[in-house]
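Chemist: Sharing a structure with you now.
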């Protein structure tokens with residue numbers, strides 16, 4: 001499991017932005033155009049607009065964590081991440097590693113964390129949009145879901161905050177596609193995100209933690225997006241399988 005200290009930083013590199021008024025309204029930040037917008041800002045604005053306008057989508061991504069950032073510090077961790085999102089208030093996330101398979105369910109009324117491997121689950125009542133759920137988990141147990149910044153109903157405020165200390169842009173190929181690399185500054189991490197101009201979707205993300213010996217990294221690859229999935233509300237509700245037990249949310 002990713003060390004909680006760094007999971008928080010990576011889930012949303014500028015988590016303070018999640019508490020904005022957009023959390024309550026679900027409104028999408030406008031994307032102004034014109035010659036004053038620099039290239040990196042324009043690229044990130046276009047990306048966040050594309051994601052915010054997607055009412056439903058699924059995503060498959062991978063996340064590789066260097067050993068120094070894991071809970072044990074013994075070996076790196078590779079996770080397969082699967083997302084089902086139905087805006088404004090439905091999310092199902094699956095994280096699979098060699099140690100465990102874990103789920104997050106949110107149906108607009110409660111969030112459930114379910115460890116399929118250990119067969120235990122915990123529930124936290126939360127009413128509101130996805131942004132409220134992420135903030136509630138962070139406030140109550142110090143946990144932020146993987147890649148949370150990419151499933152917010154409006155992620156532009158968080159990315160805008162990170163651009164204040166970064167912003168340089170470079171064209172690089174990722175997975176056979178030409179992408180634009182943008183530098184971001186988090187609370188402790190320096191991050192690079194690659195965005196494809198062809199579709200305004202993220203291709204990859206790398207975060208480096210200079211406050212840890214050896215400058216360890218977390219590397220994310222966005223492998224497959226689907227913006228026309230058929231998602232029923234049942235996909236976001238947790239029904240405890242036989243033999244599972246409830247535990248406190250902590």
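The values are calculated or read from the model by the stated rules, or taken from the named source; none is laboratory data. Since the structure is predicted, the reported quantities are computational estimates derived from the model, not experimental observations. Heads up, the Cβs are rebuilt from the backbone with ideal geometry, glycines too, and the neighbour counts pull from every protein chain shown.
Chemist: Residues that are buried (at least 21 other Cβ atoms within 10 Å of the Cβ): find the strands (runs of 3 or more DSSP E) completely inside region 130-199 holding 2 or more of those.
Modeler: Details: elements: 169-174, 177-185, 189-196.
Output list reads 177-185, 189-196.
Chemist: For residues that are closer than 30 Å to residue 50 by Cα and in contact (Cβ under 8 Å) with a residue 24 or more places away in the chain, scanning just region 229-250, find the one that is surrounded by the fewest Cβ atoms within 10 Å (Cβ to Cβ). Give the steps one after another, and end with the answer.
Modeler: Restricting attention to region 229-250, the residues satisfying the condition of being closer than 30 Å to residue 50 by Cα are 229-238.
From what is left, the residues that are in contact (Cβ under 8 Å) with a residue 24 or more places away in the chain are 229, 231, 233, 235-238.
Numbers: 229: 13, 231: 17, 233: 10, 235: 16, 236: 20, 237: 16, 238: 19.
By that ranking, first place goes to 233.
Chemist: Report, by residue number, each residue of region 120-129 that is surrounded by 15 or more Cβ atoms within 10 Å (Cβ to Cβ) and without any contact (Cβ under 8 Å) to a residue 60 or more places away in the chain.
Modeler: Passing the criteria: only 126.
Chemist: Further question: Take region 44-83 and flag every residue that is farther than 30 Å from residue 171 by Cβ and crowded, with 18+ Cβ neighbours inside 10 Å.
Modeler: Residues satisfying the conditions are 70, 77.
Chemist: Where residues in region 235-249 are over 22 Å from the mean Cα position of the chain (by Cα) and not in a loop (DSSP other than H, G, I, E, B), which of them is nearest to residue 112 (Cα to Cα)?
Modeler: That would be 246.
Chemist: Assess whether residue 222 counts as being touching a strand residue (DSSP E or B) at 6+ places or on another chain (Cβ under 9 Å), within 19 Å of residue 83 (Cβ to Cβ), assigned to a loop (DSSP other than H, G, I, E, B) and in contact (Cβ under 8 Å) with a residue 60 or more places away in the chain.
Modeler: no
Chemist: Please state which one of 171, 239, 200 is closer than 17 Å to residue 47 by Cβ and out of contact with any helix residue (DSSP H, G or I) (no Cβ under 9 Å at 6 or more places or on another chain).
Modeler: 171
Chemist: Name the single residue, out of those in region 41-74 being out of contact with any strand residue (DSSP E or B) (no Cβ under 9 Å at 6 or more places or on another chain) and modelled with pLDDT under 90, that is farthest from residue 90 (Cα to Cα).
Modeler: 74
Chemist: Okay, next question. Which residues, counting only those in region 169-185, are closer than 19 Å to residue 215 by Cβ and out of contact with any strand residue (DSSP E or B) (no Cβ under 7 Å at 6 or more places or on another chain)?
Modeler: 185
Chemist: In region 77-87, which residues are more than 14 Å from the chain's Cα centre (by Cα) and modelled with pLDDT of 95 or more? Before you say what the answer is, go through the steps one by one.
Modeler: Kept after step one, since they are more than 14 Å from the chain's Cα centre (by Cα), are these residues of region 77-87: 77-78, 86-87.
The answer is 78, 86, 87.
Chemist: Shifting gears a bit: Please give the number of the condition residue 90 fails out of (1) within 18 Å of the chain's Cα centre (by Cα); (2) closer than 19 Å to residue 220 by Cβ.
Modeler: Answer for residue 90: the failing condition is (2).
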